[in-house]
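This report concerns only the one structure given below.
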2 protein chains.
Amino acid sequence: MTNLMRGTELARDIVLRASEKAAGYTERTGRKPCLATVIVGDDPASVTYVRMKQNRSHKAGLESRHVALPEETTTGELVAKIRELSDDPEVHGILLQHPVPRHIDERAAFEAIAPHKDVDGVTMHSFAGMSFGHSEFVSCTPGGIIRLLDAYDVEITGKHAVVIGRSPILGKPAAMLLLARDATVTICHSKTAGLPEIVRTADIVVAAVGKPKFVQGDWIKPGAVVVDAGYNEGNVGDVDFDAVTDALITPVPGGVGPTTIAVLLEQTVDAAWRELDA
Amino acid sequence: MTNLMRGTELARDIVLRASEKAAGYTERTGRKPCLATVIVGDDPASVTYVRMKQNRSHKAGLESRHVALPEETTTGELVAKIRELSDDPEVHGILLQHPVPRHIDERAAFEAIAPHKDVDGVTMHSFAGMSFGHSEFVSCTPGGIIRLLDAYDVEITGKHAVVIGRSPILGKPAAMLLLARDATVTICHSKTAGLPEIVRTADIVVAAVGKPKFVQGDWIKPGAVVVDAGYNEGNVGDVDFDAVTDALITPVPGGVGPTTIAVLLEQTVDAAWRELDA
């Protein structure tokens, strides 16, 4: 039997609590927690994502500051702009929309984000924090995945989690967060031999490949938990959803996606509060 | 059949090349690359290790600076001392001997090491660098393990590597370095269920548990590569060496251990050169 892990409802809860905390912050300071979003170029999907993040921010009582840079922006210019936001006391969180144009050194740009404003969890500092189990900001999608598993009472300790994909902002941090929660974690990728057999041993599967319907139904052990972090053209995930017959699984859309934005907003509000407490 | 991966010979090669580079540095600058070692308390094993590192440094033409602090040193005092070394232009590399007394926040102490002097690869910055495949300093033992595998022409790409242990300076960085070399990596630990069965699927096993003879002979798939990073009292590794009958395996002692120090010296010399080039 297939049961769904619905991210939409969970996200609503997370955003509701974040908006209450945002209201408390505004009451105390007269200001709103502020998320700065940075986009380079005009990739339509990225533009849509960023707009969505801004809209949700406003609805939750956050302020948003938007920086749109032209496609031809250099790494140096982007780094300078992000440093400016890192130094701006009115900005609490910074999000650089991924991916940036190919000519830009994305890692250099991410590293220009001050660690205490890294509400999207993309810096090297945040990654190591996630890996070592410190209470740094988490990468939003992996963070949302853990929240989903917890909301559906999925036991993680001692379970075998197989993460397919190893990007620095999705696969690797997801693996590290699952490990911090005491899963036995296997990280698979394009060079993995015998992927179907490995996935069949998984109690928890995290698909983070970016290829539509890549994970086949018969790769899934009956009763496994399947988290589809893919979001491909045409609202299709990385898992062949219809072919999975016995699992607790996230739908696409309405699974991982909404929790990502919710965690982003929550961490922005937390950043604002932490700064007050510091 | 059991074949040995001998670290002693490999380490000799690495140190030889490092000492040539050190001599070149001295010829150019009139100074020697300098490694600062810091120890807190008087744990006999730690004292021995540090002395060994100093002796090897001297033999390789490096200078060493030693800081011995009393057991009752506070985190603040240790951090201040390490910051001083981080700021000292005559020091190229800093090693804080692990473990420190329990009352000290080891992570805070490690983070006081400037990233460009982190020749032992223990900072959050270095960990993320290893994870993302940048050319930062590597954690010395995991770095030595990769060098051993390469020296013995072990294919890593696409192979299943099982790392037992997940400490921030051994298990986790070893997993990340193997992943960066395109292994499929499983990270196991004390909460792992069915450990023997998982280890039996491994092409490459890295034992980093710190428990004598913990890994049993019948856990090892015939023909597997076994890296024993354990070093327990009485010169005993984490693997029940005598019970492993068909593998390419590191002995203890004379396996991983010597390569650790060799990588430390090499990275110290590299740090000195990089500083010149910077």
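The values are calculated or read from the model by the stated rules, or taken from the named source; none is laboratory data. Since we're looking at a predicted model, the values are computed, not measured. Please note: Cβ atoms are built from the backbone with ideal geometry, for glycine as well, and neighbour counts cover all protein chains shown. For accessibility, only protein heavy atoms count, side chains too; no ligands or nucleic acids. Shrake-Rupley method; radii C 1.70, N 1.55, O 1.52, S 1.80 Å.
Couple of notes before you dig in:
- The range A:162-174: number of residues that are within 11 Å of A:Ala207 (Cα to Cα) and either more than 7 Å from chain B (Cβ to nearest Cβ) or of a type in the set (Gly, Ala, Ser) (or both): 7
- Checked against (1) under 24 Å from A:Pro142 (Cα atoms); (2) without any contact (Cβ under 8 Å) to a residue 12 or more places away in the chain, A:Gly76 passes all but condition (1).
- Within the range B:86-106, the only residue that satisfies the criterion of being in contact with a helix residue (DSSP H, G or I) (Cβ under 8 Å, 6 or more places away or on another chain) and assigned to a helix (DSSP H, G or I) is B:Ser86.
- Unique residue being touching a Pro at 6+ places or on another chain (Cβ under 9 Å) and charged (D, E, K, R) when the list is A:Arg107, A:Arg65: A:Arg107
- Annotation note: of A:Val38, A:Val50, the sole residue that is outside any helix (DSSP H, G or I) and either on the phi > 0 side of the Ramachandran plot or of a type in the set (Val, Ile, Thr) (or both) is A:Val38.
- Residue selected from the range A:239-278 under the condition in a loop (DSSP other than H, G, I, E, B) and crowded, with 24+ Cβ neighbours inside 10 Å, by the criterion farthest from the chain's Cα centre (by Cα): A:Thr250
- Subset of the range A:223-275 that is free of Cβ contacts under 8 Å to residues at least 40 places away in the same chain and β-branched (Val, Ile, Thr) - its residue that is farthest from A:Pro44 (Cα to Cα): A:Val226
- Selected residue (criterion: nearest to B:Thr245 (Cα to Cα)) from residues of the range B:20-35 that are hydrophobic (A, V, I, L, M, F, W, C) and outside any strand (DSSP E or B): B:Ala22
- Qualifying residue in the range A:31-41 (condition: out of contact with any helix residue (DSSP H, G or I) (no Cβ under 9 Å at 6 or more places or on another chain) and surrounded by fewer than 16 Cβ atoms within 10 Å (Cβ to Cβ)): no
- Residues within the range A:111-140 that are within 20 Å of A:Ala45 (Cα to Cα) and not in a loop (DSSP other than H, G, I, E, B), tallied: 1
- The lone criterion from (1) surrounded by fewer than 20 Cβ atoms within 10 Å (Cβ to Cβ); (2) within 9 Å of chain B (Cβ to nearest Cβ); (3) over 28 Å from A:Pro253 (Cα atoms) left unmet by A:His116 is number (2).
- Residues (touching a residue at least 40 places away in the same chain (Cβ under 8 Å) and within 13 Å of another protein chain (Cβ to nearest Cβ)) located in the range A:144-161: A:Ile156, A:Lys159, A:His160, A:Ala161
- Here the condition is being open to solvent by 30 Å² or more (accessible area, probe 1.4 Å), away from every other protein chain (no Cβ under 14 Å) and either over 21 Å from A:Ala229 (Cα atoms) or β-branched (Val, Ile, Thr) (or both); of A:Gly76, A:Gly133, A:Gly93, it holds for A:Gly76 alone.
- Any hit, the range A:170-190, residues being open to solvent by 10 Å² or more (accessible area, probe 1.4 Å), part of a loop (DSSP other than H, G, I, E, B) and touching a residue at least 40 places away in the same chain (Cβ under 8 Å): yes
- Put simply, of A:Thr141, A:Thr186 the only residue that is within 9 Å of chain B (Cβ to nearest Cβ) and farther than 18 Å from B:Phe127 by Cα is A:Thr186.
- Close pairs (8 angstrom Cβ cut-off, 6 or more residues apart or separate chains): over 24 Å from A:Leu179 (Cα atoms) in the range A:106-129, surrounded by fewer than 24 Cβ atoms within 10 Å (Cβ to Cβ) and among the basic types (Lys, Arg) anywhere: A:Ala112/A:Arg83
- Unique residue being surrounded by fewer than 19 Cβ atoms within 10 Å (Cβ to Cβ), part of a strand (DSSP E or B) and modelled with pLDDT of 95 or more when the list is A:Arg17, A:Arg65: A:Arg65
- Scanning the range A:141-164 for residues that are in a helix (DSSP H, G or I), under 19 Å from A:Gly210 (Cα atoms) and touching a strand residue (DSSP E or B) at 6+ places or on another chain (Cβ under 9 Å) yields a total of 2.
- The residue that is farthest from the other protein chains (Cβ to nearest Cβ), among those in the range B:189-203 that are in contact with a His (Cβ under 7 Å, 6 or more places away or on another chain) and within 25 Å of B:Val138 (Cα to Cα), is B:Ala202.
- Selection count where residues are at pLDDT 95 or above, open to solvent by 10 Å² or more (accessible area, probe 1.4 Å) and not in a loop (DSSP other than H, G, I, E, B), scope the range A:193-235: 9
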